[in-house]
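**Q** One structure, as structure tokens, below. Some questions next.
The values are calculated or read from the model by the stated rules, or taken from the named source; none is laboratory data. The shown structure was predicted, so the numbers you read here are calculated from the model rather than taken from an experiment. Note that each Cβ is placed from the backbone with ideal geometry, even for glycine, and that neighbours are counted across all protein chains shown. These accessible areas exclude ligands, DNA and RNA; they are computed on the full protein's heavy atoms, side chains included. Shrake-Rupley method; radii C 1.70, N 1.55, O 1.52, S 1.80 Å.
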Amino acid sequence: MTLQMVGIEKSYSGFRVLRGVDLSVAPGEVHALLGPNGAGKSTLIKCIAGAINPEAGSIRLDDAPVEDLTPTRAFELGIAVIHQHLSLVDVLSVTDNLFMGHELRRGPLINRRAQRRVARELLDQFGIDVPLDAKVGTLPIGTKQLLEIAKAWHRTDVKVIVLDEPTASLSESETQRLFAEVARMKQRGARIIYTTHRLGEVFRIADRVTVLRDGMVTLQEPVASLVPQRLVAAISGGNEEAAGKRTATAGEVVLDVDQLAGPRFGPVSLQARRGEILGLYGVLGSGRTSLLETLAGRFRPSAGQVTVNGTRVAVTSPARVQRAGVALVPSDRQRQALWATRSASDNLLLPSFGRLAAGALRRPGRERGLFQRTATALDLQPPDARRAGGAFSGGNQQKLVLGRWLARIDELSVLLLDEPTQGVDVGARRKIYDVCRELTERGVAVVFASTDADEVAALADRALVIDAGRVIAELAGDEITEKSLLDHAHQFTGVTA
Amino acid sequence: MTTTTSTTTSAASASAPAVGAKRDPIAVALRSALLIGLVVLTIFFTAQSNLFLTAGNLKNIALSGAVLMVVAVPQALLVIMGVVDLSVGSVIGLAGVVTGLLIVDHGMAWQLAALIGIAIGAVAGLVNGLLVAFTRLSPIIVTLGTLQLYRGITQFLRSNPPANFGKGMQLLGRGLYLGVPVPVWIALVVFIIGAIVLYGTPSGRYVYAIGVNKEAAFLSGVATRALPLIVYAATGAAAGIGGVLLSAQLDSAPPGTLGVGFELNVLTAVLLGGIAFSGGRGTMFGVLLGVAFLGVLNNGMTLMNVPYYAQEMATGAALIIGAGLDELSQHSQLIRAIGRRR
């Protein structure tokens, strides 16, 4: 009477993402699925949801083998996956959303009375206290998540529910309500798989825990007998090494942020010095993206000051901040950085066209020269100026975005990078790290944010741990290890084994 | 910045496949559909009427397309940026009527009156740009509103048409320079300026960047508010020039009808020329083809005594087929994949 996954394997273009993963969840069990970015959690969830099919291994639900799973088939079997990005329509009412696509009908018309009755029962059952006619867009995110669960609940006999990072954007009180609901579903015998980056939550609601690392299970045991240190060790792979033993030759302060506050973060004070790489480590929803985007001029700060090279900067627009020598490589490449249908040359040189021009006119020779030099420095593959940006691989797209500012290194004082290696292959990742290092050697301060402790440990000379929009710890040099970052982020530092 | 010009790169980029699928024969054929259509149409009309391919008639075609070209060039830049100006027909009316009444009612020199008319067009365009930049309203709503607003103002200024503008205006509208009508020269200058802006200046790159991904352009430091604002003002000025030229051709500026419906002709030419209404894609050569195609189509059918309703049907069909083929050319890989499966 369980969900059983045995020996699950999956490769993407030759790279083995899952290498024989076993996972079983009994009725009434909350099973936490943990691991660093790229460990294979999402792939495993996609196997359960039927979005992809594993190459080897078997899935059994209630002792019946489940083969050739599709999302529709999974849903019919009672497997509901609640993603972070919800499938609710903001402009429609609560009732309309609950029944979207599965309306109760009377002839050709919607049976509104019946829908309202069922919706009322459902909301009561889930303890969601909202009017049936409320527009979903006006509700807090936590309530929306509960609605999403209720929506899945009334459509199928839910046997397995997968909650993918449900608390990333929830406040503490919303988290508590979600947990109460999880406890209730648990009592009804649902099998619950739960992923999170907040390790503290594991001890609050999970019965058992599985940790994935590099596609393999590194820890699988009941939470009752688990101490936090073992959990951290399993996630970090016991990796207590700080990467480069770098001779910190950081110079004067280039970026001075004083009591800066903005959307979902602050107040934050930090300094970055010439020639250093500063890492910001924080889990999803910790506010690190808002912080970087605000520094880059995307949002206006609500309080605080930013000083670059000793001059106070009015943070009013990206263009204004760039004139002061601060530029951003944003986290969402497709949405925030890439011109997919435009040439590599346009993608790489856009911020430089004005500077390369003679008077009002562009200078093609200069443009080709700068493209060529930057593409070589980045090892852009293929180094083709006319190829469309969207036709490059993820890693090379990221090189184009990073290269935008490399091409302007003479005017650059601070480079901000948000999740610099997301969706990037191993080779490109190494190149991006190398370029960051080279930038510091040429006097630039590099500030990057990552949800990946591994990456922060590998790249940062100094690291700040961010949680709930604040800096909660600072580590330097050899103190920066995957383990110490996880410990500080989850405040296990005072706990003894 | 000291840059040494590299000469080795041109060879590398010349042998490389271009942006999109320029080398794909299906895409090339689809993309050239308008050019092929224009050639076929020209051959057809030449065969049908011996009046078609004469110097006089070609002059007629060029003259009829001149004002369209003047307005279509900046409109194309707007559409590539993902916005649009639907008010150009009324701006033409406003500028023409203002110029006309300044000459007729106030005895102003025609040159000065024309400059004032064009300046008023620029201001009207600037108002459009400001409303689009600083409200969250869609450009379609804003300029549909000003389309009516500007027409109302025009009719408030004068109810019956000012006319008989004198010799200077007549020369501007119908005079020849080196055998070519003056408005055609003006259209040529506007076209060249448009091509230089789009291909020869950094702002041209910003136009595409805004159209393809506005957020990325903003984060990269592009002036995503100021640039559309400037192009809206330029479009207004161009419509102002169009208004002056049209009233010069007519020697009259009827407040209720001058430029009415012109915005639709401009949009038809621009979209027919392969500029995507969703922004981010299009060329100046496409605009030239779009304008030429419409001019040849209408002129040829008039010569053949095709009734006006049939001309409208043909223009409508050409737009849908032309835009459809262009859309297909964007998915040529898809077409190939389907072909392979069979």
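**Q** Tell me, how many Å apart are the Cα centres for the range A:268-342 and for the range B:176-197?
**A** With the range A:268-342 and the range B:176-197 each reduced to a Cα centre, they are spaced 46 Å.
**Q** Pick out, from B:PHE262, B:LEU328, B:VAL197, the residue whose Cα sits farthest towards the positive end of the charge dipole of the range B:190-330, with +1 on the Cβ of Lys and Arg and -1 on the Cβ of Asp and Glu.
**A** B:VAL197
**Q** With N set to the residue count of chain A, report its C-alpha Rg divided by 2.2 N^0.38 Å to two decimal places.
**A** On the way: Rg = 24.7 Å, N = 497, 2.2 N^0.38 = 23.3 Å.
Compactness ratio reported: 1.06.
**Q** Continuing with the same structure: Determine the gain in length on full extension of the stretch B:MET304-B:ILE321; use 0.36 nm per residue of separation and subtract their C-alpha separation, reporting nm with one decimal. Let's see the in-between values first.
**A** Numbers: separation 17, 0.36 × 17 = 6.12 nm, distance 2.24 nm.
Difference between extended and current length: 3.9 nm.
**Q** I want to make sure I understand the PRE zone here: with the label point 7 angstrom from the Cα of A:GLU172 toward its beta carbon, which residues in the range A:278-299 have backbone N atoms less than 18 Å away?
**A** Within reach of a label on A:GLU172: A:283, A:285-287.
**Q** Let me check something: with ligands and nucleic acids excluded, how do A:SER13, A:SER171 order by accessible area (1.4 Å probe), largest to smallest?
**A** Largest accessible area first, the residues go A:SER13, A:SER171.
**Q** Charges only on Cβ, +1 for Lys and Arg, -1 for Asp and Glu: so what's the dipole of the protein assembly as shown about the Cα centre, in debye to the nearest 20?
**A** Dipole of the protein assembly as shown, to the nearest 20 debye: 1760 debye.
**Q** Counting only other chains, what is the mean number of Cβ atoms within 10 angstrom of the Cβ of each residue in peptide A:322-329?
**A** On the way: counts 3, 1, 0, 0, 0, 3, 2, 1.
If you average over the peptide's residues, the count of other-chain Cβ atoms is 1.
**Q** Over all distinct Cα pairs, what is the inverse of the mean 1/r for the protein assembly as shown, reported as the Kirkwood hydrodynamic radius in Å?
**A** Over the protein assembly as shown, the inverse of the mean reciprocal pair distance is 31.0 Å.
**Q** Continuing with the same structure: Can you give me the solvent accessible area of A:ARG355 with a 1.4 Å probe, rounded to the nearest 10 Å²?
**A** 70 Å²
**Q** With r defined as the distance between the Cβ atoms of B:HIS106 and B:PHE134 and R0 fixed at 45 Å, what FRET efficiency is calculated, to the nearest 0.05? Can you show the working numbers first?
**A** Details: r = 34 Å, r/R0 = 0.76.
Using R0 = 45 Å, I get an efficiency of 0.85.
**Q** Further question on the same structure: What distance in nm separates the two pseudo spin-label positions at B:SER278 and A:ARG430, each 7 Å out from Cα along the beta-carbon direction?
**A** For the pair B:SER278/A:ARG430, the computed spacing is 3.9 nm.
**Q** What net charge is computed for the residues neighbouring A:GLY389, neighbours being all others with C-beta under 12 Å from the C-beta of A:GLY389, Lys and Arg scored +1, Asp and Glu -1?
**A** Here the charged neighbours net out to +4.
**Q** Still on this structure: First compute the accessible area of chain B with a 1.4 Å probe, then give the percent of it belonging to carbon and sulfur atoms.
**A** 69 percent
**Q** If you don't mind, there's one more thing I want to ask. Can you list the DSSP H helices in chain B whose Cα atoms extend at least 24 Å along the helix axis and whose mean Kyte-Doolittle hydropathy is 0.5 or higher?
**A** On the way: long enough: B:55-80 (35 Å, 1.63); B:88-106 (26 Å, 1.76); B:110-134 (36 Å, 1.97); B:139-157 (26 Å, 0.97); B:226-250 (36 Å, 1.58); B:284-303 (29 Å, 1.68); B:308-329 (31 Å, 0.55).
Those that pass (Cα extent of 24 Å or more, hydropathy at least 0.5) are B:55-80, B:88-106, B:110-134, B:139-157, B:226-250, B:284-303, B:308-329.
**Q** Based only on Cα atoms, what Rg/Rh ratio does the range B:197-296 have, Rh being taken as Kirkwood's radius?
**A** 1.04
**Q** In whole angstrom, how far apart do the alpha carbon centroids of the range A:165-241 and the range A:402-469 sit?
**A** About 29 Å separates the Cα centre of the range A:165-241 from the one of the range A:402-469.
**Q** Also, I was wondering about something else. Taking the Cα-to-Cβ direction at B:LEU115 and at A:ARG184 and moving 7 Å from each Cα, how far apart do the two end points lie in nm?
**A** 7.7 nm
**Q** Let me ask something else. For the range A:111-230, what class follows from the C-alpha gyration tensor (a ≥ b ≥ c being the square roots of its eigenvalues): rounded when a/c is under 1.5, otherwise prolate if a/b is larger than b/c, else oblate? Display every interim value, and only then the final one.
**A** On the way: a/c = 2.56, a/b = 2.01, b/c = 1.28.
Prolate, since a/c reaches 1.5 and a/b exceeds b/c.
**Q** Given R₀ = 60 Å, what would the calculated FRET efficiency be for B:THR54 paired with B:GLU215, taking r from the Cβ atoms and rounding to 0.05?
**A** Values: r = 53 Å, r/R0 = 0.88.
Once rounded, the FRET efficiency stands at 0.70.
**Q** Using only protein heavy atoms and a 1.4 Å probe, report how much of B:THR315 is accessible, in Å² to the nearest 10.
**A** About 30 Å², ignoring ligands and nucleic acids.
**Q** A:GLU479 to B:ALA29: FRET efficiency via 1/(1 + (r/R0)^6), r the Cβ-Cβ distance, R0 45 Å, to the nearest 0.05?
**A** E between A:GLU479 and B:ALA29, to the nearest 0.05, is 0.10.
**Q** Taking the Cα atoms of the range A:385-429, what is the range of coordinates along each of the three principal axes, in descending order and whole Å?
**A** 30, 26, 15
**Q** Now for a separate question. Which value, in Å to one decimal place, does the Kirkwood hydrodynamic radius take for the range B:281-321 when every pair of different Cα atoms is included?
**A** Roughly 10.9 Å, rounded to one decimal.
**Q** Follow-up question, since we're still on this one. May I ask for the Kirkwood hydrodynamic radius of the range A:389-497, worked out over all distinct Cα pairs and given in angstroms to one decimal?
**A** 15.2 Å
**Q** What nm value, rounded to one decimal, do you get for the distance between B:ALA314 and A:GLU252 when each label is placed 7 Å out toward the C-beta?
**A** Each label point lies 7 Å from its Cα, and together they span 7.4 nm.
**Q** Further question on the same structure: For A:LEU86 and A:ILE141, calculate 0.36 nm times their separation in residues minus their Cα-Cα distance, and state this gained length in nm to one decimal.
**A** That pair, A:LEU86 and A:ILE141, stretches by 18.9 nm at full extension.
**Q** Next up: Using the Cβ atoms and a cut-off under 14 Å, what net charge is assigned to the surroundings of A:LYS159, where Lys and Arg are +1 and Asp and Glu are -1? Walk me through the numbers on the way to the answer.
**A** Details: positive: A:ARG60, A:ARG73, A:ARG155, A:LYS186, A:ARG188, A:ARG191; negative: A:GLU29, A:ASP62, A:ASP63, A:GLU76, A:ASP157.
Computed value for this residue: +1.
**Q** To the nearest 20 debye, what charge dipole does the range A:277-429 have about its Cα centre, counting +1 at the Cβ of each Lys and Arg and -1 at the Cβ of each Asp and Glu?
**A** In total the dipole reaches around 480 debye.
**Q** Give me the net charge for the shell around A:HIS488: Cβ to Cβ below 12 angstrom, other residues only, Lys and Arg +1, Asp and Glu -1.
**A** -4
**Q** Let me make sure I get this right: for the range A:319-364, a, b and c are the square roots of the gyration tensor eigenvalues over alpha carbons, sorted descending. Under 1.5 in a/c it's rounded, otherwise prolate if a/b > b/c, else oblate. Which is it?
**A** Judged from the Cα gyration tensor, the range A:319-364 comes out oblate (a/c at least 1.5, b/c at or above a/b).
**Q** To make sure I understand the rule: partners must be lysines, Cα under 26 Å from the Cα of A:LYS186, and not fewer than 8 residues away in the same chain. Which ones qualify?
**A** Reachable lysines: A:LYS41, A:LYS46, A:LYS144, A:LYS151, A:LYS159.
**Q** Determine Rg/Rh for chain B; Rg is computed over alpha-carbon atoms and Rh is the Kirkwood hydrodynamic estimate from the same atoms. Kindly include the intermediate steps, with their values, before the conclusion.
**A** Details: Rg = 21.4 Å, Rh = 21.4 Å.
My calculation puts Rg/Rh at 1.00.
**Q** Using a 1.4 angstrom probe with every protein chain in place, what is the largest-first accessible-area order of A:ASP454, A:ASP418?
**A** Largest accessible area first, the list is A:ASP454, A:ASP418.
**Q** For B:GLU312, what accessible surface area do you get with a 1.4 Å probe? Give it in Å², rounded to 10.
**A** That residue has around 110 Å² of solvent-accessible surface.
**Q** Can you work out the PRE-style zone for A:THR2? Point 7 Å along Cα to Cβ, and I want the residues of the range A:54-72 with backbone N under 14 Å.
**A** Residues passing the 14 Å test: A:59-64.
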